[in-house]
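What follows is a set of notes on a single structure, which appears directly below.
We did not get these values from a lab; they are worked out from the coordinates using the rules stated. Not measured: the values here are computed from a predicted model. Ideal geometry is used to build each Cβ from the backbone, glycine not excepted, and the neighbour counts take in all protein chains shown.
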Protein chains: 2
Amino acid sequence: METTNSSRFPLVVIVGGGFGGLEVAKALANEPVDVLMLDKHNYHTFQPLLYQVATGSLEAGSIAFSLRKNFDNQKNFRFRVAEVTKINPEKNSIDSSIGEIKYDYLVIATGSTTNFFDNESIEYHAMPMKSVPEALNLRYMILQHLEEAVLKNTPDEREPYLSFVLVGAGPTGVELAGALAELRNNILCKDYPELKKEEMKVYLADFMPRVLGAMSEEASAAAKGFLTKMGVEVMLNAKVENYDGEVITFEGGKTIRSKNVIWSAGVMGNILEGIDKDIIQRGNRIKTDSICRVEGISNVFAIGDVAAMITKDTPKGHPGVAQVAIQMGKATGENILHIIKGEATKPFKYFDKGSLATIGRNKAVADLGKVKFQGFFAWVIWMFVHLISLLGFRNKAIVFVSWVGNYLTYNGGSRLIIRKFVKDDPLHEAELVTHED
Amino acid sequence: METTNSSRFPLVVIVGGGFGGLEVAKALANEPVDVLMLDKHNYHTFQPLLYQVATGSLEAGSIAFSLRKNFDNQKNFRFRVAEVTKINPEKNSIDSSIGEIKYDYLVIATGSTTNFFDNESIEYHAMPMKSVPEALNLRYMILQHLEEAVLKNTPDEREPYLSFVLVGAGPTGVELAGALAELRNNILCKDYPELKKEEMKVYLADFMPRVLGAMSEEASAAAKGFLTKMGVEVMLNAKVENYDGEVITFEGGKTIRSKNVIWSAGVMGNILEGIDKDIIQRGNRIKTDSICRVEGISNVFAIGDVAAMITKDTPKGHPGVAQVAIQMGKATGENILHIIKGEATKPFKYFDKGSLATIGRNKAVADLGKVKFQGFFAWVIWMFVHLISLLGFRNKAIVFVSWVGNYLTYNGGSRLIIRKFVKDDPLHEAELVTHED
């Protein structure tokens, strides 16, 4: 591909089309810069609703949005499907699957991936859920295991297929546990008259003493209450020791036979090769100054989950949530313009809008500053906030129609097995790498 | 799996959950029989809209519907994901991926697959589009080739990526040609500002002298006119000689450089092993009598695309269209009940409701008996008929919302590359085969 910039404007390269990358590009619209966004997928993923793709309530196309289409009207924007592997700060370039690309300014917005804490057996056998292909793999695995359970003759043979263990009780684990419990309570016996509701078990395990550890005590307590009432077995102070694909073992010896272990117990930044090891912080995050600038490289920025802005006020950086990425993206776009125009930059200040998590039908928890509430009203707010945050009118409309349908019928979603799930499938996390034939 | 029938009712096994299979099962509801449906997919595919999945206007989940969910309320219905390979008429059993299954009555409703007329090179390199996985492969291939075209430096290098050749000008070829022409005319330059509309070419080739050969002369002429106006190059009396993945060659020597050849030039029945060769008719179809009974086997029926009902009135059988399958399915379900109850069976009589094909926005052709019309009104009818025929209220609602969005914006669909398309991917046509581990 062409690696030179034909216009006379500085070229801002953005690696990653997640919440942060999108905001950088938007902030640069109609300004005297050229923007090139690179992502290994040609779409933006609305990660907060991935769990509904995994359980079949929503289609992938409703929560993902074409990056090209999103910027159809932004004249200074170009996009390429590419995987970026390395940064060469001394040459102002990056290495990618489509060749070397030069930049004037670079924004690393590569987000995070699942952290298995170096346990290879867990990494191989447990299912992550950080991308659309991963959520679809999970869906197909769950549905295939229900189909296989139907073919078994005894409860003992069915047990591993019908036990679901969610490790990590953050929002993802809690939301998935709730969705799986609803699948069991409302759908299982209708779709699979051969199976008994009681035989399907949903476990939510965390090594911490409460669920939703980043939220308030009230939220944690309410969420645990909702989950328990829905039939989820909540296991706290439960540290996973190993998982071999058949049996998950906890510290202290407890074991569960399960072919369905879903791992959302930790994330780590998707860093690039070529970043100085000394500035890599806990969780594989890149250390930045107060304007998201990577320490020691004046024209490279890192934002969102991959960034650790270590300042006096934020000694550990910011939480890995969408709002941080969004706000950092906007601020970074604006600061790049300030730098180009010779103006003073503005230090980043995070405005915490609060946290929401849903457990299921009519059940959510909300911490909005000092205002904390749980139940139906929190659930309505959760839906409203997620609906308006989705990219594209069509996606909003389709998710709305789907949710209304799910609510009215207790039996939403299509639950289709489009692809066979195979553990060793090289397309597990299928990545498009455009290439010469 | 259990192969015996625990109730005292006769067991009707239906192989295939397409248009025909669905109707058989429905006709048997609340009757003194047990129904077991087998399909290699866990969903019904609404094939007439597959082309919109291929071009990204609709999501797969909107045109496919869970077979289990569809029969949630039918008490005598069971379903298994299974691939059926062989029939053993002497044992009243079939062999399948989940073991041998006994039947009292068997309905073969396995539909048809793409016919490449024994040309292995075409079969390997050209893309079929008869199933959801195939339509998705096609979508990902098209989008990847657009991404690759962006990376090329000259029109000559871009040509094979931007040339689309549709072989077979039946409804599928015509509808795909129209959809690709609309993609070029309305979307290409918005999404890919680097590409020129003029560089993308859409060819529709058929060895017959007109498009939509099964419809009226008026319909053919109008469809050809619409296509030409939209910029499709219609090639008639054009017989394909070979395709090697890079160049498609026609009889007479004409060649087109294209990496995108889509083959809809013929179908053949999906027959099972164990069917007597003498009763296999042209197009790999199974010869039946006037009540869809397979010649020589009194308790086995074949319906839809896989059946050739050879009678005095229908010396060549029936056309391979959804209406035939639907009507045969209903009639066969009813005749099985007649047989069980010792009543007289009723010979099948096809009621031809007419044909519709759409070319694009405001453009369709309709042959309804003696009434033939083309244009906007035909297009409205086409949409209405397809919308009400979709299974499930949610699918109807989502397709409606999608179509309204596409119509208003000229830029519908999500066009996401969720899986990398790889020609040698073993999951090309991914089939779920449940199995012992």
### Cα-based helix-to-principal-axis angle, A:376-389 vs chain A, degrees rounded to 10
40
### Task
Between the alpha-carbon centers of segment B:307-322 and segment A:164-188, tell me the distance in whole angstrom.
51
### Task
Calculate the mean, over all residues of peptide A:388-394, of how many other protein chain Cβ atoms lie within 10 angstrom of the residue's Cβ.
3
### Interchain or long-range residues, amide H under 5 Å from B:Leu36's placed H
B:Val12, B:Val13, B:Ile14, B:Arg78
### Task
Compute the Rg/Rh shape ratio of segment A:120-265: radius of gyration over Kirkwood radius, all on alpha-carbon atoms.
0.95
### Task
Collect residues whose amide H, placed 1.01 Å from N in the peptide plane, falls under 5 Å from the amide H of A:His318; neighbours closer than 5 in sequence don't count.
A:Met309
### Task
Express in whole angstrom the spacing between the alpha-carbon centres of segment A:354-414 and segment A:133-161.
28
### Set of aspartates and glutamates near B:Lys363 by C-alpha distance (under 19 Å), chain-local residues within fewer than 8 positions excluded
B:Glu175, B:Glu182, B:Glu217, B:Glu218, B:Glu233
#### Entry: FRET efficiency for A:Asn237 and A:Glu198, using Cβ-Cβ distance with R0 set to 30 Å, rounded to 0.05
0.70
### Query
Once amide H atoms are placed 1.01 Å from N in the peptide plane, what residues at a sequence separation of 5 or more from B:Val247, or on another chain, have their amide H within under 5 Å of its amide H?
B:Ser258
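Only counting other Cβ atoms within 10 Å, I'd like A:Lys69, A:Lys152 sorted with the fewest neighbours first.
Working: A:Lys69 24, A:Lys152 18.
Result, fewest neighbours first: A:Lys152, A:Lys69.
Highest first, please rank the peptides B:9-15, B:373-379, B:171-177 by the mean number of other Cβ atoms sitting within 10 Å of their residues.
Going from most to least packed, we get B:171-177, B:9-15, B:373-379.
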## Note on the structure
Within 10 Å of the Cβ of an average residue in B:145-155, the count of other chain Cβ atoms is 4
### Query
Mind listing the phi-derived Karplus ³J(HN,Hα) values for segment B:135-148, rounded to whole Hz, using 6.51, -1.76 and 1.60 with θ = phi - 60°, and x for any glycine or proline?
5, 5, 4, 4, 4, 5, 4, 4, 5, 5, 5, 5, 4, 5
### Task
Enumerate the calculated ³J(HN,Hα) couplings along segment B:217-233 in order (Karplus 6.51 cos²θ - 1.76 cosθ + 1.60, θ = phi - 60°), each rounded to whole Hz, writing x wherever the residue is Gly or Pro.
4, 4, 4, 4, 5, 5, 4, 4, x, 4, 4, 4, 4, 7, x, 7, 8
### Message
Let's see if you can work this out: charge +1 on each Lys and Arg Cβ, -1 on each Asp and Glu Cβ, no other charges. What is the dipole magnitude of segment A:120-265 about its Cα centre, in debye to the nearest 20?
### Response
360
### Query
Across every pair of different alpha-carbon atoms, what Kirkwood hydrodynamic radius in Å does the protein assembly as shown reach?
29.1
### Task
Take B:Lys26, project a point 7 Å from its Cα along the Cβ direction, then tell me which residues of segment B:328-344 have their backbone nitrogen under 20 Å from it.
B:328-338
### Query
Can you list the aspartates and glutamates whose alpha carbon is less than 19 Å from that of B:Lys152, not counting same-chain residues fewer than 8 positions off?
A:Glu2, A:Asp39, A:Glu83, A:Asp95, A:Glu100, A:Glu436, A:Asp437, B:Asp191, B:Glu194, B:Glu198, B:Glu199, B:Glu246
#### Entry: Rough spin-label spacing in nm, given labels placed 7 Å along Cα→Cβ, for B:Lys312 and A:Thr409
4.7
### Query
Okay, helix-only estimate at 222 nm for chain A: each DSSP H run of n ≥ 4 adds -39500 (n - 2.57), divide by all residues, round to 500 deg cm²/dmol; what do you get?
-9000 deg cm²/dmol
### Task
Could you state the angle between the C-alpha long axis of helix B:322-340 and the longest principal axis of the C-alpha atoms of chain B, as a value from 0 to 90 degrees rounded to the nearest 10?
10
#### Entry: Other-copy label distances relative to B:Thr314, 7 angstrom Cα-Cβ extension, nm
7.0
## Note on the structure
Computed ³J(HN,Hα) along segment B:390-404: with the Karplus parameters 6.51/-1.76/1.60, θ = phi - 60°, integer Hz and x for glycine or proline, the list is 5, 6, x, 5, 4, 4, 4, 5, 6, 5, 4, 4, 4, 5, 4
#### Entry: Within a Gaussian network of chain B (alpha carbon springs, distance under 10 Å), most fluctuating of B:Gly342, B:Gly111, B:Gly405
B:Gly342
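Mind checking A:72-81 for the average number of partner chain beta-carbons within 10 Å of each residue's beta-carbon?
Taking the mean over all residues of the peptide, I get 3.
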### Query
Sorted by mean Cβ packing within 10 Å, highest first, what order do the peptides A:158-167, B:332-341 take?
A:158-167, B:332-341
### Query
Among A:Asp289, A:Asp244, A:Asp278, which one moves the most in a GNM of chain A with springs linking Cα atoms closer than 10 Å?
A:Asp278
#### Entry: Order of B:Met200, B:Met268 under a 10 Å beta carbon neighbour criterion, fewest first
B:Met268, B:Met200
### Query
Which pairs, out of B:Lys224/B:Lys396; A:Lys69/A:Lys102; B:Lys40/B:Lys75; A:Lys190/B:Lys349; A:Lys86/A:Lys396, put more than 32 Å between their alpha-carbon atoms?
A:Lys190/B:Lys349; A:Lys86/A:Lys396
